[in-house]
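Since the structure comes first, as structure tokens, the remarks are kept for the end.
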Amino acid sequence: MLARMRYWGLATTAMLLCCSSSVFAEETAAPAAAPAFDTGNIAWMLTSSALVLMMTAPGLALFYGGLVRKKNILSVFMQCLFLMGLMSVIWAVYGYSLSFGGESPYIGNFDHVLMKGVLPSEPGVWPAQGTTGIPKALFMAFQGMFFIITPALICGAFAERMKFSTMCVFMILWGTFVYCPIAHWVWADFGWLCEWNTAAPYRAIDFAGGTVVHITSGVSALVCCLIMGKRLGFGQEPMPPHNLTYTAVGAAMLWMGWFGFNGGSAVGSNALAVSGMVSTHFAAAAGLITWAGLEWIQRGKASVLGACSGAVAGLVLITPGSGTVTAMWAMVLAVIGTCVCYWACTTLKSKMKYDDSLDAFGVHGVGGITGALLTGVFATEMVTNPGRKLGGIDGNWAQLVPQAVSVAAAIGIAVVGTTVILKILDATMGLRVTQDDEVQGLDVTQHGEEGYIFY
Amino acid sequence: MKKIEAIIRHFKLEEVKDALTQAGAHGMTVTEVRGFGRQKGQKEQYRGAEYVVDFLPKVKLEVIVSDSDKAKIVDTILMTARTGQIGDGKIFISHVSESIRIRTGESDESSI
């Protein structure tokens, strides 16, 4: 994120400053002026922030909600909605600071606790976000939307059986000890995996969150369903999706919201944002027809759920590379990656016999890992980095090393963090609802409401 | 009075309704139901997970008629709801001991 734009932006700015200072040094000692904001960049980032929020609810809520049984529809909506509240507050209090504050390569600090240095400290003077031309507050809000959707994605793995109270505590701890560190490693200027940090040992390309969002959430999802166990009756009684219409609507909203997720990760209204959006769109399209096509060939019918899953897989796959992979290669990347996700959701899951209720691991975990690695292959200087050989197709196969390291780091922190948190919560609060409650459904037992009441 | 309950296919509903109205039925009640008989269920697949769905969607139609109209109404349903394939449904007939129109309090045959 910020990626090349900031990297080159800083370089050019520095060069300009050098030239101008040598020429005009005698004339003026320029006073520290209020930062100049770029209205175009601000407009796009405001739009993107709204789009990313929409991905969680109604997008993901509908997508996941349609896949559960009808006695649990509200519990899924509530998980998404409640996280919009909970994670936002944490982000404001310390999450942003822990992710983006300070100069350590490993973890943020508390410089921006309670939005210090983010909101105006003098009347009307908004701190700027580097050289991006947008206020820091907007950058913080945009990043905050990622802090909501990432934990929300995990909900797919433990849907229909986790205690709501435990989920809330789990998400607070997970956000603090898994998300904030890895966001710092990959996206903060001094992070040890940060692409535009020239001092970083491994400069991994993760434009919009392949590792930070999808690998962490997807792998944590797998850990969750392994530790928590299967839903009651899994494998014995049918658990088909109760309303695929919701799922289809949700998938379409995710697709649209993703334009903000990836396009907004340019942190500006520029060619990088265009790449983010265009590559994203065509990857989703290629993913959709790949998954549906595989079903068509293998099982005789192209299903709606298959089309939705393929589109989301394509979106996940292109996320890390949407700022460096051209749209044509994005489609190739999505076709390859969607085959892997398809295999994970059908063959792998049934062989390993874990109950990842809504395939959070199969789509986000596997897609995130595959996408991050393939980014090392398909990233190219053509997008916004003339002269800088990026991926395998540029001849720089060595980029696969930092990509692999970032994947391993994301898997590592997700596995360790999620396991420790869940074990502690299992011993203190308990992870699952009682068997009776699970049979009756989480809507009534956790929230005291029903999703469908007809008079 | 008799109650005639017919479980029929969704797409036959309009045809059956029109025929029954022409045959002199004054009203009817329709419910969406699920169930199975000889037709058995259908196979469905969701991301590779295969389910046999035993209960198929059907429409249940209820008509209350006078004893003398019974044969005509049953014949009409048989004629219109039939496709000849397994899954056309069934008709159940039972005795109705009383019926009352709520608005006027009229009872029995004048109320149907």
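Readers should treat all values here as calculations from the given coordinates under stated rules, not as data from a laboratory. Remember, it's a predicted structure, so these values are computed and weren't measured experimentally. Because the Cβ atoms are built from the backbone with ideal geometry, glycine has one as well, and the counts that use them run over all protein chains shown.
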Checklist entry - If you take the square roots of the eigenvalues of the alpha-carbon gyration tensor of the stretch A:183-342 and sort them as a ≥ b ≥ c, do you get rounded (a/c under 1.5), prolate (a/b over b/c) or oblate? => result oblate
Checklist entry - Does a label point 7 Å from the Cα of A:ASN396, set along Cα-to-beta-carbon, have any residues of the stretch A:309-334 with amide nitrogen under 17 Å, and which are they? => result A:320-326
Checklist outcome for this item: Quick calc: nm separation of the 7 Å Cα→Cβ label points for B:PHE11 and A:GLU103 -> 7.4
Item to check | Separation in nanometres of the label points that stand 7 Å from Cα toward Cβ, at B:LYS72 and A:THR39 | outcome: 7.8
Item to check | Cβ-derived FRET efficiency at R0 30 Å, A:LEU114 paired with A:ASP436, nearest 0.05 | outcome: 0.10
Item to check | Helix A:39-54 axis, angle to chain A major axis (alpha carbon atoms, nearest 10°) | outcome: 10
Checklist outcome for this item: Between the alpha carbon centres of the stretch A:177-207 and the stretch A:252-272 the gap in Å comes to 20
Next on the checklist: Angle check, please: helix A:271-299 long axis (alpha carbons) against the longest principal axis of chain A (alpha carbons), in degrees 0 to 90, nearest 10.
Outcome noted: 20
Checklist entry - Rounded to the nearest 0.05, what FRET efficiency do A:GLU122 and A:THR245 have when you use their Cβ-Cβ distance and R0 = 45 Å? => result 0.30
Item to check | Long-range lysine pairs (8 or more apart or interchain), chain A, Cα under 26 Å | outcome: 24
Item to check | chain A: calculated mean residue ellipticity at 222 nm from DSSP helix runs of at least 4, using -39500 (n - 2.57) | outcome: -18500 deg cm²/dmol
Item to check | Stokes-Einstein diffusion coefficient of the stretch A:106-195, Kirkwood radius over Cα pairs, 25 °C, 0.890 mPa s, in µm²/s | outcome: 163
Item to check | For chain A, the spread of Cα positions along each principal axis, largest first, Å | outcome: 82, 48, 42
Item to check | the stretch B:73-112: GluC sites (Glu not before Pro) falling in loop per DSSP and having at most 12 other Cβ within 10 Å | outcome: B:GLU98
Item to check | Extension gain (nm, one decimal) between A:LYS389 and A:GLN298, 0.36 nm per residue minus Cα-Cα | outcome: 28.8 nm
Item to check | Likely footprinting exposure, A:SER350, A:SER357, fewest C-beta neighbours within 10 Å first | outcome: A:SER350, A:SER357
Item to check | Neighbour-count ranking [beta-carbon atoms within 10 angstrom, fewest first] of A:LEU431, A:LEU98, A:LEU317 | outcome: A:LEU431, A:LEU98, A:LEU317
Checklist entry - Percent relative contact order of the stretch B:2-111, based on C-alpha pairs within less than 8 angstrom and at least six residues apart? => result 41
Checklist entry - Does anyone have the angle between helix A:73-90 and the longest principal axis of chain A? Alpha-carbon axes, 0 to 90°, nearest 10? => result 30
Checklist outcome for this item: So, for the Cα atoms of the stretch B:2-111, Rg and Dmax in Å stand at 16.8, 58
Checklist entry - Roughly how many nanometres apart are two label points built 7 Å out from the Cα toward the Cβ at A:LEU46 and A:ILE453? => result 3.9
Next on the checklist: Could you tell me how far the Cα centroid of the stretch A:278-303 sits from the Cα centroid of the stretch B:13-36, in Å?
Outcome noted: 42
